[in-house]
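Step one of this worksheet: look at the structure below.
The values are calculated or read from the model by the stated rules, or taken from the named source; none is laboratory data. Small disclaimer: the values here were computed from a predicted structure and weren't measured. We place every Cβ from the backbone using ideal geometry, glycine too, and count neighbours over all the protein chains shown.
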């Protein structure tokens, strides 16, 4: 074999000879590509039978005949019987139809085509074959290494030729900041991007890894300073996509957790621009975990309430804190912290309620500040707390929760006096 060739089999007849697991895997892969699969075998295994029942293949329950190959674009034989497979290869060769011979553990394959071990990254399909006879195990090992390389986003997957496809937008949740917490799907989207519209927060270090000719548009917002308003961000996304470009909107955390991702999706759809969303690790959960704070803990608390600090308290959050029935996580709460503390105390929340504030969560300069509710605002000022930070309120924020020996917990929240106020502090 001296060359590789991509073959389009959608809506074209393909014959699979054999009814065992190998034939089933190959038939399913061919059906996934849209081929019209005809299985010929006296008996078929359960996966093949399911494929037939689902209408994704048809089955002739008999021995293969030469005429079965009439009109086929590709033939695949996997009976495991040397004489049958050899006959199918010979019939296909005589008809000038490429034939894949699965071979077997005791004989080499003798067909005129090879089935590659494949991996997919977006719309790029990578296949690995041996050029001097089939060697499936080696091909799979090489394929797996290539797949890991693609998943890591280390390959530039941008289109180099113009296509008829329209531009599109991908909203990528970048996570709380550590590049290692950016998802595989998020890295793959960045590897395909022509332009990246980036926030101030999230894994901004990943931008340094992009090819030099990827356009990066900074639309980051700081507290009280929004140089690029949301309407303008929406316009940028739509305009870039309408130019036929693949646009990645790289956002901190998760696009749909106080990330205004819903507004961006609506703007794209209103303009007829295709848009998809890649979920991200939300700082609402990652910050606490990074600080060693379990938002739920058996025998302590079993519910979590997430809120935006600039909106003020909801009745549900205050009730949860008064009754110690939930942990409350406050995003965008540093500037609002004094007012939140004042209002919580006025509404009867325990002054000694444990509070933890996690700054720069998951990054090298992460810092955790702990204090009781009644003193946390003053401690925050004394320590110079700055955004971005996540505030966690509830019994789980008490220091040492995970240091104590874990015994069988009671069936409900710990008593009010179980958290030692003397241990609270900066």
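Condition check: surrounded by fewer than 19 Cβ atoms within 10 Å (Cβ to Cβ), modelled with pLDDT under 95 and closer than 30 Å to residue 180 by Cα. Does residue 426 satisfy that? Against the criterion (surrounded by fewer than 19 Cβ atoms within 10 Å (Cβ to Cβ), modelled with pLDDT under 95 and closer than 30 Å to residue 180 by Cα), residue 426 qualifies.
Considering the conditions (1) out of contact with any strand residue (DSSP E or B) (no Cβ under 8 Å at 6 or more places or on another chain); (2) surrounded by 16 or more Cβ atoms within 10 Å (Cβ to Cβ); (3) over 25 Å from residue 126 (Cβ atoms); (4) in contact (Cβ under 8 Å) with a residue 24 or more places away in the chain, residue 24 is excluded by exactly one of them, (3). Against the conditions (1) in the same structural domain as residue 195 (by TED's automatic domain parsing); (2) crowded, with 21+ Cβ neighbours inside 10 Å, residue 307 satisfies every one except (1). Here is a check on your reading of the model: is residue 15 at pLDDT 95 or above, surrounded by 18 or more Cβ atoms within 10 Å (Cβ to Cβ) and either within 25 Å of residue 126 (Cβ to Cβ) or in contact with a strand residue (DSSP E or B) (Cβ under 7 Å, 6 or more places away or on another chain) (or both)? In short, yes. For the stretch 380-398, filtered to residues that are surrounded by fewer than 19 Cβ atoms within 10 Å (Cβ to Cβ) and more than 33 Å from the chain's Cα centre (by Cα), the residue that is nearest to residue 316 (Cα to Cα) is 381. So in the stretch 321-356, with the set limited to residues that are free of Cβ contacts under 8 Å to residues at least 60 places away in the same chain and under 32 Å from the mean Cα position of the chain (by Cα), which one is surrounded by the most Cβ atoms within 10 Å (Cβ to Cβ)? Only one residue fits best here, namely 355. Residues that are touching a residue at least 60 places away in the same chain (Cβ under 8 Å) and not in a loop (DSSP other than H, G, I, E, B) within the stretch 298-319 comprise 301, 309, listed in sequence order. Between 412, 394, the distinction of being modelled with pLDDT under 95 and on the phi > 0 side of the Ramachandran plot belongs to 412 only. Within the stretch 257-270, the set of residues being more than 21 Å from residue 389 (Cβ to Cβ) and touching a helix residue (DSSP H, G or I) at 6+ places or on another chain (Cβ under 8 Å) comprises 263, 264, 267, 268. Looking only at the stretch 32-49, residues that are farther than 25 Å from residue 120 by Cα and free of Cβ contacts under 8 Å to residues at least 12 places away in the same chain come to 2 in all.
No other residue among 173, 186, 177 is buried (at least 19 other Cβ atoms within 10 Å of the Cβ) and on the phi > 0 side of the Ramachandran plot apart from 177. Residues in the stretch 278-297 that are surrounded by 21 or more Cβ atoms within 10 Å (Cβ to Cβ) and either under 16 Å from the mean Cα position of the chain (by Cα) or in a helix (DSSP H, G or I) (or both): 278, 280, 281, 282, 283, 284, 286, 287, 288, 290.
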